[in-house]
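Taking it in order: structure first as structure tokens, then the write-up.
Quick note: the coordinates plus some simple rules give every number you see, no bench work behind them. No experiment lies behind these values; they were computed from the predicted model shown. Don't worry about glycine lacking a Cβ; one is built from the backbone with ideal geometry, like all the others, and counts go over all protein chains shown.
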Amino acid sequence: MSSHAGVAGVVLSAFLIGCTEATGPAPPLSPPSRPASLSVRPTRAMVNGARVRFSNPDADSVRAGYIAADGTEAGVTPWVSGSNTSVLVLGLAPATRYLVWTEAKRGSATAVGDTLAFVTEALPPGLAEARLERQRGGPLSGGYTLTSTMDADGHFYAVAYDSVGVVRWYRDLGFPGAVADVQQQHNGHITAGVGPSHGYDSAAVHFVELTHAGDSVRAIVATGSAFTDAHELIVDTEHGSRVADYLFGYDIRTVDLTEFGGGPADPLAGHQVLRIGAEGGVDTLVQGWNRWSEHDAVIGPPLAGDFDHPNSLSFDLDGGLVISYRALGAVVKLAPDSRTVAWVFGGTGNEFTLTGDPLNGFGGQHTVRVLRNGHLLMFDNGWNHTPQRSRAVEYALDPATRTASMVWQYVPEPAVFVPFTGSAQRLANGNTVVTFTGSGFLDEVSPDGVLLARMALRSGNRSYFPYRTQRIRSLYRYEKP
């Protein structure tokens with residue numbers, strides 16, 4: 001056994017008391033054989049991960065434990081099948097010395113293997129300045145903040161910061177020209193929309209799907225459309241298997257825009273909402289050119305590249321699809337299992353009477369999400385407010401009576417206006433994370449709107465701010481945040 005085993009064993013025995021699941025009376029099984037740790041090696045995609053290899057201990061399940069040599073942090077990985085001969089460790093601090101061991105379990109009996117020393121490497125130079133920097137209150141309430149960053153040379157990364165703003169996971173995305181949606185899907189994988197497009201350019205864009213170890217699984221494009229929009233991707237899964245991808249595509253047509261201050265034959269993009277099945281079949285759920293026109297755009301004139309500009313997708317509680325159209329200033333619901341529009345909230349086609357909102361609605365919104373209570377939470381960029389200001393706002397909708405009421409909002413002090421990008425996310429603890437990306441900060445606020453923490457978004461490229469952020473609970477698997 002390593003000379004570190006005695007130290008790690010003392011820490012392990014105390015640490016695992018609160019980490020081993022309660023299993024009731026132990027079954028009459030003999031303990032598993034003790035796993036023999038063989039090596040610890042860094043993951044290929046990042047310095048924050050390591051793979052621990054060991055001999056098969058003939059166990060039901062196995063996991064790894066770790067502790068920083070200075071005692072500042074410790075953790076264990078989730079249990080995995082006992083047939084594995086290696087375990088992935090994620091979320092390690094860069095340039096830090098760790099003690100790592102393995103543990104095997106059969107029934108309620110466990111056996112702890114050898115302890116090995118492992119030193120993580122420093123972050124790549126381009127990520128040296130990437131962090132969330134505490135401005136007020138804090139730290140954040142837990143989990144990781146998933147987003148993107150760019151270094152001084154224009155190199156893009158997907159990154160996850162811990163609650164005090166340190167990079168704990170990343171993936172080098174290269175020089176794609178832009179990165180939009182970065183999020184953890186329900187299968188635990190992380191997807192990123194990469195490519196030099198704003199949702200209306202003649203440019204090659206795709207989504208990349210990454211394992212939690214950072215390895216590429218596949219590329220996803222808007223099959224059936226001329227171009228792929230990188231604003232949102234939902235990988236819909238059932239029992240762990242992929243069912244379909246939901247995303248936006250678009251094509252560019254020549255349109256007479258003279259009445260909007262343009263020319264008689266200007267290029268204009270219109271979008272499609274697509275469902276691409278696991279076997280490759282394509283359903284066009286909404287063909288934007290058939291449903292709306294440039295006359296429905298409420299942001300403009302002049303029109304900037306497209307007239308609809310969809311930017312988020314979310315499933316309603318009944319399975320219907322809720323779509324945010326920024327340029328239309330509208331949120332649209334598709335009825336479940338159909339192509340029909342169930343309702344339109346906001347914009348020229350608004351069907352709802354709104355009450356209780358001192359700002360009288362929303363404009364240029366981003367990241368519209370259906371909450372567990374059925375309400376809509378969104379980042380309201382506030383194009384229609386006088387003076388213009390951005391906020392997070394929650395609405396309760398009654399589709400039967402076509403009435404809506406504002407039930408919650410958060411406007412920072414002093415007020416800011418973020419014309420593009422931004423996100424709002426409700427957490428399981430009742431707090432809300434509101435990211436004013438264009439102004440370079442995110443706030444975590446309590447249910448009664450009190451600011452708990454403000455973190456500044458820092459990167460090597462001072463002019464870059466991400467599209468939005470997403471709080472995630474685990475780097476290993478999806479858990480409701």
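Once backbone amide H atoms are built at 1.01 Å from N, SER312 has SER324 as its partners under 5 Å, excluding neighbours fewer than 5 places away on the same chain. Taking other C-beta atoms within 10 angstrom as a stand-in for reagent exposure, ILE234, ILE252 fall in the order ILE252, ILE234, fewest first. In order along the range 427-435, phi translates into HN-Hα couplings of 9, 5, 7, x, 6, 10, 9, 10, 10 Hz, rounded to whole numbers, per the Karplus curve 6.51 cos²θ - 1.76 cosθ + 1.60 with θ = phi - 60° and x for Gly and Pro. Under 5 Å from the amide H of ALA36 lie the amide H atoms of SER55, each residue being 5 or more positions distant or on a separate chain, with H modelled from the backbone and absent for Pro and chain starts.
Classification of the range 143-189 by its C-alpha gyration tensor yields an oblate form. The axis ratio a/c (a ≥ b ≥ c) is 1.5 or more, and b/c is at least a/b. Phi angles of the range 116-122 translate, via the Karplus equation with coefficients 6.51, -1.76, 1.60 and θ = phi - 60°, into HN-Hα couplings of 10, 8, 8, 10, 6, 7, 6 Hz per residue; Gly and Pro are given as x.
A straight chain from PHE175 to ALA68 at 0.36 nm per residue would run longer than the Cα-Cα distance by 35.1 nm. When TYR325, TYR200, TYR410 are arranged by Cβ crowding within 10 Å, least crowded first, meaning fewest neighbours, the order is TYR410, TYR200, TYR325. State whether the range 176-337 is rounded, prolate or oblate according to the following rule on the C-alpha gyration tensor (a ≥ b ≥ c being the square roots of its eigenvalues): a/c under 1.5 gives rounded; otherwise a/b larger than b/c gives prolate, and the remaining case gives oblate. Taking the square roots of the gyration eigenvalues as a ≥ b ≥ c, the range 176-337 is prolate. What whole-number distance in Å separates the alpha-carbon centres of the range 150-202 and the range 48-120? Centre-to-centre distance over Cα atoms comes out at 28 Å. Which option, [x] 4, 19, 27, 24, 15, 8, 3, 0, 0; [y] 3, 15, 20, 20, 18, 14, 7, 3, 1, 0, 0; [z] 4, 18, 29, 29, 16, 4, 0, 0, is the value of P(r) over Cα pairs in 10 Å bins from 0, in percent that was calculated from these coordinates? Answer label, from the structure shown: [x].
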